[in-house]
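Below is one structure, written out as structure tokens; the observations come after it.
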Amino acid sequence: MEPKELKTKYIPLKEAAKIFGYHPDYLGWLIRKGKIEGKRMGRDWFTTESAVRSYLSAKKFLSINDFFF
């Protein structure tokens, strides 16, 4: 069986930023704070689309709860 990391497609933060409309520096900051999954290869940071989607879903859910409660 292959390790999870080999099955996961990591994309550069520049590409993730274009997909989700965030600045690559902000996504890198989220990775360093442990808010989204990602890793550094050489001098560049990488993440997955699913990691960013999960973060955004949780953020949206929390902001709705903060508003109502």
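Mind checking which residues of the range 11-60 are of a type in the set (Ser, Thr, Tyr) and touching a helix residue (DSSP H, G or I) at 6+ places or on another chain (Cβ under 9 Å)?
Taking the range 11-60 first, the residues of a type in the set (Ser, Thr, Tyr) are 22, 26, 47-48, 50, 54-55, 57.
Listed by number, the residues that qualify are TYR22, TYR26, THR47, THR48, TYR55.
For the range 23-41, which positions are open to solvent by less than 70 Å² (accessible area, probe 1.4 Å) and either assigned to a loop (DSSP other than H, G, I, E, B) or among the basic types (Lys, Arg) (or both)?
GLY34, ILE36, LYS39
The values are calculated or read from the model by the stated rules, or taken from the named source; none is laboratory data. This is a predicted model, so every value here is computed, not measured. Backbone-built Cβ (ideal geometry, glycine too); neighbour counts: all protein chains shown. These accessible areas exclude ligands, DNA and RNA; they are computed on the full protein's heavy atoms, side chains included. Shrake-Rupley method; radii C 1.70, N 1.55, O 1.52, S 1.80 Å.
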